[in-house]
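Trainee: Quick one: the structure is below, and I'll ask about it shortly.
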Amino acid sequence: MHELLLTLAVGALPPQQPEALRTTETRVRFEQSLSIRTREGAAQPVRVSLREWVVRNRQKASLPAGGLLVVHLRGGGPVFTSVDGSRTQRKDDEFFVVPAGATLTVETGNETCVFTVLEVQR
């Protein structure tokens, strides 16, 4: 009886998508809570993370920004980004900033792109 229940539970899980079919992949490189000093000398806690966000070719994906994002694009073109609806064409090795609370949407062309994202949250 227990064996049958286990089989049913495993069979009910959603199928895993093969890596080649995923539109995005995220690799966390660094994540840490830090303190910075204000002008008055008080400690201000912040959360810092460094991630690589891989977006496969001919895909559209969104990344909500909880904090300020500094983004570095690596990959072929054309790549279009939208930050809260403002659409911009980007090129390889370009840096840009996404304000805290905004949503970053990317549309890749014929090549997979890697976005290195430094996020600072208060």
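Trainee: Within the set of pairs 6+ apart or on separate chains, which have a first residue in segment 36-52 that is under 30 Å from THR24 (Cβ atoms), a second that is aromatic (Phe, Trp, Tyr) and exposed (fewer than 10 other Cβ atoms within 10 Å of the Cβ), and C-beta atoms under 9 Å apart?
Mentor: From residues that are under 30 Å from THR24 (Cβ atoms), the pairs are VAL48/PHE30; SER49/PHE30; LEU50/PHE30; ARG51/PHE30.
Trainee: Restricting to segment 70-104, give me the number of residues that are assigned to a strand (DSSP E or B) and under 18 Å from LEU50 (Cα atoms).
Mentor: Applying the first criterion (assigned to a strand (DSSP E or B)) to segment 70-104 yields 70-74, 79-83, 86-90, 95-98, 103-104.
Narrowing the set further to residues that are under 18 Å from LEU50 (Cα atoms) leaves 70-74, 95-98, 103-104.
Counting residues in segment 70-104 that are assigned to a strand (DSSP E or B) and under 18 Å from LEU50 (Cα atoms) gives 11.
Trainee: Can you work out which of the residues in segment 85-98 that are surrounded by fewer than 16 Cβ atoms within 10 Å (Cβ to Cβ) and in contact with a Gly (Cβ under 9 Å, 6 or more places away or on another chain) is farthest from VAL117 (Cα to Cα)?
Mentor: Our first condition is that a residue be surrounded by fewer than 16 Cβ atoms within 10 Å (Cβ to Cβ); within segment 85-98, this holds for 85-89, 91-97.
Retained after the next criterion (residues that are in contact with a Gly (Cβ under 9 Å, 6 or more places away or on another chain)): 89, 91-92.
Numbers: GLN89: 18, LYS91: 16, ASP92: 15 Å.
This residue is GLN89.
Trainee: Of all residues in segment 34-52, which are assigned to a strand (DSSP E or B), polar (S, T, N, Q) and surrounded by fewer than 10 Cβ atoms within 10 Å (Cβ to Cβ)? Lay out the reasoning, then the answer.
Mentor: Residues of segment 34-52 that are assigned to a strand (DSSP E or B), as a first pass: 34-37, 43-52.
Checking the rest, the ones that are also polar (S, T, N, Q) come to 35, 44, 49.
Answer for segment 34-52, where residues must be assigned to a strand (DSSP E or B), polar (S, T, N, Q) and surrounded by fewer than 10 Cβ atoms within 10 Å (Cβ to Cβ): just SER35.
Read the figures in this text as sums done on the coordinates, not as results from a lab. Model, not experiment: these values are computed from the prediction. Every residue, glycine among them, receives a Cβ derived from its backbone with ideal geometry; neighbour counts consider all protein chains shown.
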